[in-house]
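Here is the structure we will look at, set down as structure tokens.
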Amino acid sequence: MSVDTATVAKIASLARIKVTPGDLEAMVPELNGILDWVEQLGEVDVTGVEPMTAVIPNTLRLREDITNADPLTGGGIRDAVLANAPAAEHGFFGVPKVIE
Amino acid sequence: MTNLTDLTLTGIRDGVAGGDFTATEVATAFNGAVAEAQEALNAFIVTTPEAALAAAAKVDADRAAGKPLGKLAGVPIGMKDLFATKGVQTTAASKILEGFKPEYESTVSQKLWDAGAGLLGKLNLDQFAMGSSNESSAYGKVTSPWRRPNDTAALAPGGSSGGSSAAVAARIVPAATGTDTGGSIRQPAAFTGISGIKPTYGRCSRWGIVAFASSLDQAGPMAHTVQDCAVMLEAMAGFDAKDATSLDMPVPNWEAALSGDLKGKKVGIPREYRIDGLNAEVAKSWDEGIAWLKDAGAEVVDISLPHSKYALATYYIIAPAEASSNLARYDGVRYGLRDLPDGANLQEMYAATRAAGFGDEVKRRILIGTYVLSAGFYDAYYTQAQKVRTLIARDFEEAFKQVDVILAPTAPTSAFALGEKTNPLDMYLGDVFSVPASLAGLPAMSVPAGLDSQGLPLGLQIIGRPFDEQGVLNAGLAIEQRAGFSAKPEKWW
Amino acid sequence: MSDYRIQGATGEWEVVIGLEVHAQVTSNAKLFSGSATAFGAEPNSQVSLIDAAMPGMLPVPNMECIRQAVRTGIAIGAQINKWSRFDRKNYFYADLPQGYQISQLYHPIVGEGEIEITLDEKNPETSKKVIGVERIHVEQDAGKLMHDQHPTMSYVDLNRSGVALMEIVSRPDMRSPAEAGAYLAKLRSILRYVGSCDGNMDQGSMRADVNVSVRRPGDEFGTRTETKNVNSVRFVMAVVESEAKRQVAVIEDGGKIVQETRLYDPDRNETRSMRSKEDAHDYRYFPDPDLLPLVLDDAFVEEARASLPELPDAKRARYEGALGLTAYAAGVLTAEVDTARWFEALLAATATAQNKPEGEVAKQASNWLLSEFFGALNKLGKDLASSPIDAEKAGQLLALVGNGTISGSIAKQVLEKMLETGDDAATIVEREGLKQTSDTGAIEAAVATIMANNADKVEQYKAGKEALFGFFVGQTMKAMAGKANPQIVNELVKKALA
């Protein structure tokens, strides 16, 4: 499956990565090269094969419903949460105003 | 007195414990070596000599007070800059995390500090662990300490754990952490003549490690010897309740059970890995390895891993897909770079930030990942890849009914020059021998086997059954004992 | 078959409605992190590193959230999927720190179930309808954005980010605003009975996405629109009506309905298209690689089942059957779990105080609660939750009536005093001397006096005006200041008029 400039532009938009027309020019052949190459998977007979769900057999463990049981996974750490924020405002994360 | 920086991890551990030298002496020696090499190799993004000294001081004090010492007491290490270190910048070698100082410590690094190790600094890597040459870092390429004789061309240390491999090989750190998603511990270890092991998926916790591809990422040690790797892996591994994919199994005492005696063991040689046009020297190294393992008492068995040739394509669909989603959080809202052009709205801020913050290879993989998951293509690419992955895992399962470990080359070539591989696809092809074990979640290690005619290291790879790191380490030890690899890069920096 | 129709310019239109309800799960901690879930906390004070999507963070599911989803599924008679899986729904928004929501698209934890609704309380038997539920799955809630705190910035609060939600998806079985309203009210009631969600729509713990389409009766389903985050039953009904009318107008004007997401504006009572959706959403769902498949064993499901209280439909049937209440009364009493529980406490107290089986005093308790008590509470601007007296005290009051200590009309007075002072009935009756008398002699004398003073009416009664019987009884009761035992008054008046 080949991609053209329009498709790459659309994917870049979905991925929220701004691309200039110049970037696009360069990307299209690169991506096509890679995508053409991975196409080969289509030739594998996968009849009756389930997609891999767990690499190494393991079961999903559920945890107890205890608030802040582990300080590393609990809340009440607002300062830490905001410590690296580009625009922290009165305890909130500030972002450009959104109009819904 | 021995040059402290020539010591192995084990040598340092034993020397400190035995009082031959102090931890502070060790830390000081390595701090010096790090500083000396930084400009030339650029192995570190951030150096933390004070932290190394502080950890050493504590060990010395504990020892003086007769307190019990941890498994790695007095060993200073390099930490790949993918592990969150509290209060110390963690960048994943990307501009998008420049200046990010985590308020938390990754599980694996915490375990290392608890074991008495010290932090020499955060090691450079391919950006977001995506790469095989450490050329995609936003903080500059890493130059391998190895050079071809009479040639000053800068060589790649491998990737993505290129800072780790360069630092260990150059003896500016005795050991380093790496992560391996498609070969990022094993291949750089092979390129620089050191040892490195990727454990069974789930053996080491991924909590606090910047995620690249969740179903593939694994942390592991990189050091000079198999024993070093065993010691360090013991300290790094273990169940973590904060990681739902973590294995709830006790950590075996790998060091104690190390043995190069492979009597009764069967080694599988996968015929599909003898690819068309396989580099003659790599092939020769492989054959040598087979002979060594036979010598160690193993029976050599020819095996087939029929779907091997599809492993790379499978990997380069699954890993980018997972990465495209894992990297969505880097958006300039809560941490890291924010690029807010005049008048930009929220979505425009995202697009500008990510364009400015991500390097080319990262963008490439995010786009591929986004594409293969997108409507209309999901089944053809992603679902198909997940099914082929099942087949690849089954190939290994079948093989392990006949053999205990598998021997293969780690990489199809020795180190190439920086700047040599400009085509991304070309770079991906170098992962041909390492991705299958990643896809199947199997423990796999690389040990140095010898030098090629260019005077550059070649590595051999041992792949084992799930949870059988011991089998892998033992086979690695058998090779190490017979390979007699003692070559060191000449110090040109 | 509903006969609700939109009258368009060119004829009649049927409305097809489906509801997707997001219900916040009642649990201490969030779905994938240990942060608290309580409403109304300081911004970003209930946010963990995981909720803030810091680099390297990983989700670990909360057993209680899973359990609540299973309990809810069992409560609606749904199939519990012992194997289910989490998927990532990828999109970018400031309230979604990970850049994806962990949800369950392909393999939800609960399969098909159903909810029975009653459209006419007064005729429950003939106005029932079963609305199908397609599935329930568990997913993360998003954070909150505030837009009016700053001129150029929006503020993000992640307290709600990561709280567990159950998404309950109905089949498109509803055909009128009333059906939609009844379904939502019944679902809310069930959730509150089960205790898996508090149903506080004004706090946002339960919200509905309303899917509406129109068609000519008998035609294929039309294109639907989705109006998101509607947070009251009343608004849901209003959305159905206004959106259906809008769609009919568009179609009759020659236009086509665009499948889109809309928002409801309660001030204008209209829906409008959401601006921000430039590119059609491609969520690129794929199984979350940080989580293994969720496998539940039989013991887990059985424990969940055993933990359920009596549910509204079963309770209503029991009230009608074993307790002999009318369908209407049973319906009203069981509509809300708090009412039912209060009633059952009252019933127990009443039965104990009168030393009778519950079946015998149920009607008394039910009638009193529905006609006397609710009215009295209403007058004070209170409800059951804020009632100054508890079921125990109410039961004692009813016992005093039941054993003849006071009459029903005196009981009204006593109730007022109880509500005022919080004192118990016996104390008030004693203090104010309100005991009714069964002193036949005194009553006879009163009757005689009434008869004597109303000889003309006695004549009329004897001549056939039977309705006057009540007059004599009433006058006698008045003369005795309400304290005469009404039964005895009746007997004696009858005797006197014979």
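No value in this document is a laboratory result; all are computed from the given coordinates. In this text the structure is predicted, and so the values were computed from the model without any measurement. A quick note on method: Cβ atoms are made from the backbone with ideal geometry, for glycine too, and the neighbour counts reach across all protein chains shown.
Expressed in nm to one decimal, what extension gain is obtained for the pair residue B:394 and residue B:345 from 0.36 nm per residue of sequence separation less their Cα-Cα distance? Spell out each step's value before the answer.
Working: separation 49, 0.36 × 49 = 17.64 nm, distance 4.89 nm.
Between residue B:394 and residue B:345, full extension yields 12.7 nm more.
Ordered by the number of other Cβ atoms lying within 10 Å of each residue's own Cβ, fewest first, B:130, B:445, B:427 fall into the sequence B:427, B:130, B:445. Taking 11 Å as the cut-off, the amide N atoms of segment C:206-244 that come nearer than this to a point 7 Å along the Cα-to-beta-carbon line of residue C:10 belong to C:216.
Mind checking the mean number of beta-carbon atoms from other chains within 10 Å of the Cβ atoms in B:195-207?
Details: counts 0, 0, 0, 0, 0, 2, 4, 6, 1, 0, 2, 4, 8.
If you average over the peptide's residues, the count of other-chain Cβ atoms is 2.
Over 18 Å, how big is the tail of the calculated P(r) for segment C:440-497, in percent of all Cα pairs? Looking at segment C:440-497, the distances longer than 18 Å represent 21 percent of pairs.
Kirkwood Rh over Cα pairs of the protein assembly as shown into Stokes-Einstein at 20 °C, 1.002 mPa s: D in µm²/s?
Working: Rh = 33.5 Å.
Taking Rh from Cα pairs, D becomes 64 µm²/s.
Residues within the reach of a label modelled at residue B:275 (point 7 angstrom out along Cα to beta-carbon, backbone nitrogen below 11 Å), restricted to segment B:424-459, are B:426-436.
What is the antiparallel percent of DSSP beta bridges lying wholly in the protein assembly as shown, to the nearest 5?
Beta bridges within the protein assembly as shown, antiparallel portion: roughly 85 percent.
Anisotropy class assigned to chain B is rounded, per the alpha carbon gyration tensor with a/c under the 1.5 cut-off. Inter-part distance, segment C:223-258 to segment B:1-57, computed on C-alpha centroids, equals 71 Å.
Comparing A:44, A:81, A:28 in a Gaussian network model of chain A (Cα springs below 10 Å), the most mobile by mean-square fluctuation is A:81.
Residues of B:319-329, mean number of Cβ from any other protein chain within 10 Å of their own Cβ, rounded to a whole number?
Working: counts 0, 2, 3, 5, 0, 8, 10, 8, 4, 12, 11.
Neighbouring Cβ atoms belonging to other protein chains average 6 per residue here.
Cross-link partners for residue B:284 among the lysines, with Cα-Cα distance under 23 Å and sequence neighbours closer than 8 places in the same chain left out: B:265, B:266, B:294, B:309, B:488. Each residue in B:72, B:155 was given a count of other beta-carbon atoms within 10 angstrom of its own, and listing them fewest first yields B:155, B:72. Antiparallel beta bridges, as assigned by DSSP with both residues in segment B:58-212, represent about 25 percent of the total such bridges. Per-residue 3J(HN,Hα) values for segment C:34-41, derived from phi via the Karplus relation 6.51 cos²θ - 1.76 cosθ + 1.60 with θ = phi - 60°, read x, 5, 6, 10, 4, 6, x, 7 Hz in sequence order (x marks Gly and Pro). For B:28, B:422, the sequence from fewest to most other C-beta atoms within 10 Å is B:422, B:28. Label point of residue C:20 set 7 angstrom out along Cα-Cβ; within segment B:354-384, amide nitrogens under 17 Å from it belong to B:375. Projecting the Cα atoms of B:227, B:210, B:241 onto the charge dipole of segment B:195-256 (Cβ charges, centred on the Cα centre) puts B:210 farthest toward the positive pole.
Could you compute the net charge surrounding residue C:310? Neighbours are other residues with a C-beta less than 15 Å from the C-beta of residue C:310; K and R count +1, D and E count -1.
Values: positive: C:71, C:192, C:305, C:315, C:316, C:318, C:341; negative: C:313, C:320, C:336, C:338, C:344, C:358.
With Lys, Arg at +1 and Asp, Glu at -1, the neighbours total +1.
Here's the list of aspartates and glutamates a cross-link from residue C:129 could span, going by alpha-carbon distance under 18 Å and ignoring same-chain residues fewer than 8 apart: C:3, C:14, C:112, C:114, C:116, C:120, C:121, C:173, C:179, C:313.
Give, in nm to one decimal, the length gained when the segment between residue C:297 and residue C:403 is fully stretched (0.36 nm per residue of separation minus the Cα-Cα distance).
Working: separation 106, 0.36 × 106 = 38.16 nm, distance 5.36 nm.
That pair, residue C:297 and residue C:403, stretches by 32.8 nm at full extension.
Starting from the coordinates of the alpha-carbon atoms of segment C:6-304, obtain the Kirkwood hydrodynamic radius over all distinct pairs and give the value in Å to one decimal. Walk me through the numbers before you get to the answer.
Values: mean 1/r = 0.0493 Å⁻¹.
Kirkwood hydrodynamic radius for segment C:6-304: 20.3 Å.
Here the protein assembly as shown is treated with +1 on each Lys and Arg Cβ and -1 on each Asp and Glu Cβ, and its dipole about the Cα centre works out to around 1180 debye. Find how many whole Å separate the alpha carbon centroid of segment B:439-493 from the alpha carbon centroid of segment B:92-140. After rounding, the separation between the Cα centres reads 24 Å. Would you list which aspartates and glutamates come within 12 Å of residue C:465, measuring only between C-alpha atoms, while excluding same-chain residues fewer than 8 positions from it? Those aspartates and glutamates meeting the cut-off are C:456. Per residue of peptide B:239-251, the mean number of Cβ atoms on other chains within 10 Å of the residue Cβ is 5.
Would you check segment C:310-432 for Lys pairs whose C-alpha atoms are within less than 16 Å, ignoring same-chain pairs closer than 8 in sequence, and give me the count?
On the way: C:315/C:363; C:379/C:412; C:379/C:417; C:382/C:417; C:393/C:412; C:393/C:417.
Here the count comes out as 6.
Can you give me the C-alpha center-to-center distance between segment C:261-339 and segment B:281-308, rounded to a whole angstrom? That distance is 61 Å. Computed on the Cα atoms alone, the convex hull of segment B:4-261 gives a volume of 126 cubic angstrom per residue.
Given a Förster radius of 35 Å and the C-beta distance between residue C:367 and residue C:2 as r, what FRET efficiency does 1/(1 + (r/R0)^6) yield to the nearest 0.05?
0.60
Rounded to 0.05, the FRET efficiency of the residue C:253 and residue A:69 pair, given R0 = 56 Å and the Cβ-Cβ distance, is 0.40. Taking label points 7 Å from Cα along the Cα-to-Cβ direction, residue C:229 and residue A:5 give a separation of 3.8 nm.
Dividing the convex hull volume of the alpha-carbon atoms in segment C:310-432 by its residue count gives 93 Å³ per residue.
FRET efficiency for the pair residue B:38 and residue B:402, taken as 1/(1 + (r/R0)^6) with r the Cβ-Cβ distance and R0 = 56 Å, rounds to 0.70. By the helix-only formula, in which each DSSP H run with n ≥ 4 contributes -39500 (n - 2.57) and the sum is divided by residues, the protein assembly as shown has a 222 nm mean residue ellipticity of -11500 deg cm²/dmol.
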